[in-house]
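First up is the structure itself, then whatever we jot down about it.
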Amino acid sequence: MTVDHGPLGRLDLLQGTLDLIILQTLRWGPRHGYGLTQMIQARSGNVLHVDTGSLYPALHRLERKKFIRSWERSDNKQRVRVYQLTAAGQRQLTAEQSRWKRLSEAMQGIMSPLAAEEEA
């Protein structure tokens, strides 16, 4: 998964971040792989882009951990695999959201100027 920084280029994100994003996206309902990538891109304001080389290994990993389940269905005469969050996945999402909040708060503390910097 990459983050589009416009003229600054792209930045790769940590593997665990993609898992969190997939779980969060599936919280809004079952989706097939392409639907997941489109929703992630749309909800991130076109900043986050997930390629298939990152998405499908993450989906398989989450399925092995029983955080998501999948099934095949026919869609316009094509077979597609649909993914859905499980109860275990919902619990994992809640735990990951808590960790993400702590990390965000820690990063905000680091990024915020010190009182001495504000006075200068």
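The rows are residues; the columns are (1) among the hydroxyl-bearing types (Ser, Thr, Tyr); (2) touching an Asp or Glu at 6+ places or on another chain (Cβ under 6 Å); (3) closer than 13 Å to Ile22 by Cα.
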site: Leu36; (1), (2), (3): no, no, yes
site: Gly45; (1), (2), (3): no, no, no
site: Gly53; (1), (2), (3): no, no, no
site: Lys66; (1), (2), (3): no, no, no
site: Lys77; (1), (2), (3): no, no, no
site: Tyr83; (1), (2), (3): yes, no, yes
site: Lys101; (1), (2), (3): no, no, no
*Count, please, the residues in the stretch 79-103 that happen to be at pLDDT 95 or above and in a strand (DSSP E or B).*
4
_Residue check, Gly109 part of a helix (DSSP H, G or I), within 15 Å of Leu18 (Cα to Cα), free of Cβ contacts under 8 Å to residues at least 24 places away in the same chain and among the small types (Gly, Ala, Ser)_ = no
*Can you pull out the residues in the stretch 36-78 that are in a loop (DSSP other than H, G, I, E, B) and surrounded by fewer than 12 Cβ atoms within 10 Å (Cβ to Cβ)?*
Gly45, Asn46, Asp51, Asn76, Lys77
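The values are calculated or read from the model by the stated rules, or taken from the named source; none is laboratory data. Source: prediction; values computed, not measured. Note that we place each Cβ from the backbone using ideal geometry, even for glycine, and neighbour counts take in every protein chain shown.
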